[in-house]
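The values are calculated or read from the model by the stated rules, or taken from the named source; none is laboratory data. Values in this document were obtained by computation on a predicted structure and should not be read as measured data. Cβ: placed from backbone, ideal geometry, glycine included. Neighbour counts: every protein chain shown. All accessible areas refer to the heavy atoms of the entire protein, side chains included, with ligands and DNA or RNA removed. Shrake-Rupley method; radii C 1.70, N 1.55, O 1.52, S 1.80 Å.
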Amino acid sequence: MPCGEDWLSHPLGIVQGFFAQNGVNSDWEKKVIEYFKEKLKENNAPKWVPSLNEVPLHYLKPNSFVKFRCMIQDMFDPEFYMGVYETVNRNTKARVLHFGKYRDVAECGPQQEVDLNSPRTTTLERQTFYCVPVPGESTWVKEAYVNANQARVSPSTSYTPSRHKRSYEDDEDMDLQPSKQKDQHAGARQAGSVGGLQWCGEPKRLETEASTGQQLNFLNLSSPFDLNFPLPGEKGPACLVKVYEDWDCFKVNDVLELYGVLSVDPVLSILNNDERDASSLLDPMECADAAEEQRVHSPPASLVPRIHVVLAQKLQHINPLLPACLNKEESKTCKFVSGFMSELSPVRAELLGFLTHALLGDSLAAEYLILHLISTVYTRRDVLPLGKFTVNLSGCPRNSTFTEHLYRIIQHLVPASFRLQMTIENMNRLKFIPHKDYTANRLVSGLLQLPSNTSLVVDETLLEQGQLDTPGVHNVTALSNLITWQKVDYDFSYHQMEFPCNINVFITSEGRSLLPDEKLSVKNQIRQITRQAKGRCWWQQPPHPGIESRSCL
């Protein structure tokens, strides 16, 4: 357990201390970052930091130190803020210097006012990212992070639960809460104060009402404000992330782990309403556009909280069972690799046998599935991505649960996945390609806005006769480009912008897939070797009747 509880519950106090010691000297900002880096290097310190992925927002203390595992869905325009400003006491005329970093609202006492004309005021720039939880994150990944998190949190004082009778559905939702969270609630009375955050009140009652309140919050507020998740049915908080250093290193669709100061100040909603009232005096058309952009870029903090980033790092993967960094030179990676190399052969044999059973005895299809799961785009030669390995499993029965069961198996093997049911209705109705909304000045997400190493399972067994309209044709074209070139062309109305990706596509179909099937020389070599060995071709006469596997290289 890390010592010095103030850095978790009152990080701005730590920042204030460095600012007071160093004044306007820029060294205080570097010292703040180094301080939190050293704190997180302490034994299991990251596990004591509350995470927005596992802890409901109303259980987190405002201005506390939190972390967030997320994907950058959009990048807003840079914004200016007062890095250093001065306040004046109206009675005593005393002047006090404040820092504006890691804040949304200027700190000002009841008898103080900000002197905007002070020569000591410094205007700086920061970048804003719109971040969402990692799309398609598997259940076992979420549970592993919940079990590893040891933070103890208390409900926010700004949250006032309303007493009402619970329905039967509410009781069922309560039972679906993670067991780790319940254990934390039950053991909170004995644990007392841990990590600088305390439980108060009745844990069981607070858990029940908080979960109900969170569900009502999503149901009531998601309709007027779209949280812009790429995949349907996704849950979790979306956040406005304020980045102060090295924001040029990040790009859209990057997966990040952020550590920073949580900001949920209700004053932000009041300020936004005042700005909308002021814009109503402008031209009606300009007013409508400005109001829509203001609504998207400054949503209520209770729905979309702000995180002022102190530390940010790209994640190579989100698998909680692997070291965070897979650099071969690091000692942790070397120990991890040496630890499982001796068990690699029997584990692979066991996995091959399991997949063979799942694929109705087709061991060759199981081999191809393993190769597909471990494939990745390791480099690009001109426009050709090297390392991709798309597999089409044909001969799958229609109107059965075979594909669904196979997808559940894949879900247990990969950290992030999504099953695309390729029906005429879905192809015509769903939005695959993200597009730019110039009225709201945001990037509207699509199904193919996914982070690297996501497994996309395309289920063609549900496809029936019908007519594809224009959006459906565009969606099929987008899928084809994804398979062939590992890229998605985002729609910016006046032009297309190419976004390279690294998404493993696995196709299940009754006959041959409608999506591209590129036959390369490697496949022809396998065909010749197979004919010489067995006198027949395995994809012409599959090992098991009804199942045919084919690679789309």
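Suppose we filter 515, 479 for residues that are in the same structural domain as residue 368 (by the TED database), in a loop (DSSP other than H, G, I, E, B), farther than 30 Å from residue 298 by Cβ and of a type outside the set (D, E, K, R); which single one remains?
After ruling out the rest, the residue left standing is 515.
Within region 399-406, identify whether any single residue is in a loop (DSSP other than H, G, I, E, B) and touching a Lys or Arg at 6+ places or on another chain (Cβ under 7 Å), and answer yes or no.
If we filter region 399-406 for residues that are in a loop (DSSP other than H, G, I, E, B), which is where we start, we get 399-401.
When the remaining residues are screened for being touching a Lys or Arg at 6+ places or on another chain (Cβ under 7 Å), the result is none.
The answer is no; no qualifying residue exists.
Determine if region 385-392 includes at least one residue that is touching an Asp or Glu at 6+ places or on another chain (Cβ under 6 Å), hydroxyl-bearing (Ser, Thr, Tyr), in a strand (DSSP E or B) and farther than 30 Å from residue 226 by Cβ. I'd like the intermediate steps shown before the answer.
Initially, region 385-392 is screened for residues touching an Asp or Glu at 6+ places or on another chain (Cβ under 6 Å), giving none.
Scanning region 385-392, I find no residue that is touching an Asp or Glu at 6+ places or on another chain (Cβ under 6 Å), hydroxyl-bearing (Ser, Thr, Tyr), in a strand (DSSP E or B) and farther than 30 Å from residue 226 by Cβ, so the answer is no.
Could you figure out which of (1) within 26 Å of residue 302 (Cα to Cα); (2) touching a strand residue (DSSP E or B) at 6+ places or on another chain (Cβ under 9 Å) isn't true of residue 86?
(1)
In region 5-98, which helices (runs of 4 or more DSSP H) lie fully inside it and hold 3 or more residues that are modelled with pLDDT of 90 or more and either open to solvent by 10 Å² or more (accessible area, probe 1.4 Å) or within 27 Å of residue 248 (Cα to Cα) (or both)?
Values: elements: 6-9, 11-22, 27-41.
It comes to 11-22, 27-41.
Looking at region 415-442 only, could you name the residues that are open to solvent by 10 Å² or more (accessible area, probe 1.4 Å) and either of a type in the set (A, V, I, L, M) or in a loop (DSSP other than H, G, I, E, B) (or both)? Working first, answer last.
Initially, region 415-442 is screened for residues open to solvent by 10 Å² or more (accessible area, probe 1.4 Å), giving 415, 418-419, 421, 423-426, 428-431, 433, 435-439, 441-442.
Once the filter is applied, which keeps residues that are open to solvent by 10 Å² or more (accessible area, probe 1.4 Å) and either of a type in the set (A, V, I, L, M) or in a loop (DSSP other than H, G, I, E, B) (or both), region 415-442 yields 415, 423, 424, 430, 431, 433, 438, 439, 441.
Looking only at residues in region 338-374 that are closer than 22 Å to residue 140 by Cβ and modelled with pLDDT under 90, which one is least open to solvent (accessible area, probe 1.4 Å)?
339
Every residue in region 372-394 that is among the aliphatic types (A, V, I, L, M) and either in contact with a Leu (Cβ under 6 Å, 6 or more places away or on another chain) or under 20 Å from residue 451 (Cα atoms) (or both), please. Write out each step before concluding.
Taking region 372-394 as the starting set, the residues that turn out to be among the aliphatic types (A, V, I, L, M) are 373-374, 377, 383-384, 386, 391, 393.
Correct list: 373, 374, 377, 383, 384, 386, 391.
For the subset of region 115-151 comprising residues that are open to solvent by 50 Å² or more (accessible area, probe 1.4 Å) and part of a strand (DSSP E or B), which member is farthest from residue 419 (Cα to Cα)?
Taking region 115-151 as the starting set, the residues that turn out to be open to solvent by 50 Å² or more (accessible area, probe 1.4 Å) are 116-117, 119-120, 122-125, 139-140, 142-143, 145, 147, 150.
With the extra rule that they be part of a strand (DSSP E or B), the set shrinks to 122-125.
Details: 122: 50, 123: 47, 124: 44, 125: 41 Å.
Only one residue fits best here, namely 122.
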